[in-house]
Amino acid sequence: MNNHSISSVKLAAKRILGTYFFRCILATFISGTGILLIFNYILDGTVKVDNAFDIDAFYSAVLTAETPQDIYTYIYNSVSSIINSIGYDVYSAMLRRFALAIMVSFFVKLIYQFVVVYPFEVGNCRFYIDAHYTEPKYKQLLHGFSTNYINVVLIQMLRQVKIFLWSMLFIIPGVIKSYETFMIPYLLAENPDIRCREAFETSRKMMYGNKLNVLLLNLSFIGWMILSTFTGGLAYIFFVGPYYDAALTNMALRIKAEYNEKQ
């Protein structure tokens, strides 16, 4: 893997954390976990309605069911019981309300991702790029909002749309496309005015021969992610998240340097 060995990338990331440990913890939390918590516990909660039947009981029935017929029987009996007690018209209204809530929640989340989460992703990239050369400033987390915000949102949105559409072809093409466009947030972090076509073309060229490097780097963090799950996310907030962001940025900088040398 030339100069992109996983060990050297992670060692460089550890040096960043060793120098700016608490600063990196706060930066990763603000630009990642924090903004997702805002959605999950504030925004998303405003569009939820009561379900048409008890979700907890449904999950319990699924876990204890011995055959698919048992699940079908549970659902049929639950729905029949509700219809008999409140009437078909009321139950139909509940279902329509629930379906509408799901659609509204989906679109609210989608918009929130585009206008908030993805610009913060670019800001996070800018922060960790700076951390490799100088003392990073928290204001860089807003880099995606303060410099050509519309361009940042549109390119990030198009990136996600392409990944989604390619994912419709049995998942793997979408994974390949996500790695092909890996460099886009970093390109935007350094040049928010970059044209859309140039961003995708440059990322594609940079990632030629480097997709496996980034994949292996991601796979090397599986153990850390499992540990984060067992600690209720605390390990991710206080170490794994910043470590992961610093490692990805170091890999991106190596890929960019290699690309520039070939030009």
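The numbers here are math on the coordinates, done by the rules we state, and not lab data. Keep in mind that this is a model prediction, so the values were computed, not measured. Here Cβ is always computed from backbone atoms with ideal geometry, including for glycine, and neighbour counts include all displayed protein chains.
A few points about this structure:
- GNM top mover of PRO68, PRO242, PRO136 - the chain, alpha-carbon springs below 10 Å: PRO68
- Here the relative contact order of the chain, from alpha carbon pairs under 8 Å that lie six or more residues apart, stands at 28 percent.
- For region 16-28, 3J(HN,Hα) per residue [Karplus equation, 6.51 cos²θ - 1.76 cosθ + 1.60, θ = phi - 60°, Hz, x = Gly/Pro]: 4, 5, x, 8, 10, 4, 5, 5, 5, 4, 5, 5, 5
- Shape box of region 108-197 [Cα atoms, principal axes, largest first, Å]: 43, 28, 23
- For region 112-117, Karplus couplings with θ = phi - 60° (6.51, -1.76, 1.60), whole Hz, Gly/Pro x: 4, 4, 5, 8, 10, 5
- Computed over the alpha carbons of region 6-262, Rg followed by Dmax gives 22.3, 73 Å.
- The fewest-to-most ranking of MET94, MET168 by surrounding Cβ atoms within 10 Å reads MET168, MET94.
- In the chain, lysine pairs with alpha-carbon atoms under 21 angstrom apart (chain gap of 8 or more, or interchain): 16
- Largest GNM mean-square fluctuation among LEU217, LEU158, LEU36, using the chain with Cα springs under 10 Å: LEU158.
- Distance from the C-alpha centroid of region 198-234 to that of region 150-169: 18 Å, rounded to the whole angstrom.
- Extending 7 Å from the Cα toward the beta-carbon at both ILE102 and LYS137 defines two label points whose distance is 4.7 nm.
- Burial order of peptide ranges 19-31, 191-203 (average beta-carbon count within 10 Å, highest first): 19-31, 191-203
- Volume per residue for region 170-225 equals 98 cubic angstrom (convex hull of Cα atoms).
- Nitroxide proxy distance, nm - points 7 Å out along Cα→Cβ at SER80 and ASP193: 7.0
- Karplus-derived 3J(HN,Hα), 6.51/-1.76/1.60, for each residue of region 218-235, Hz, glycine and proline x: 4, 5, 5, 9, 4, x, 5, 5, 5, 4, 4, 5, 5, 9, x, x, 5, 5
- Just checking the listed ones, VAL175, VAL117, VAL153: in the Gaussian network model of the chain with Cα springs under 10 Å, the one fluctuating most is VAL175.
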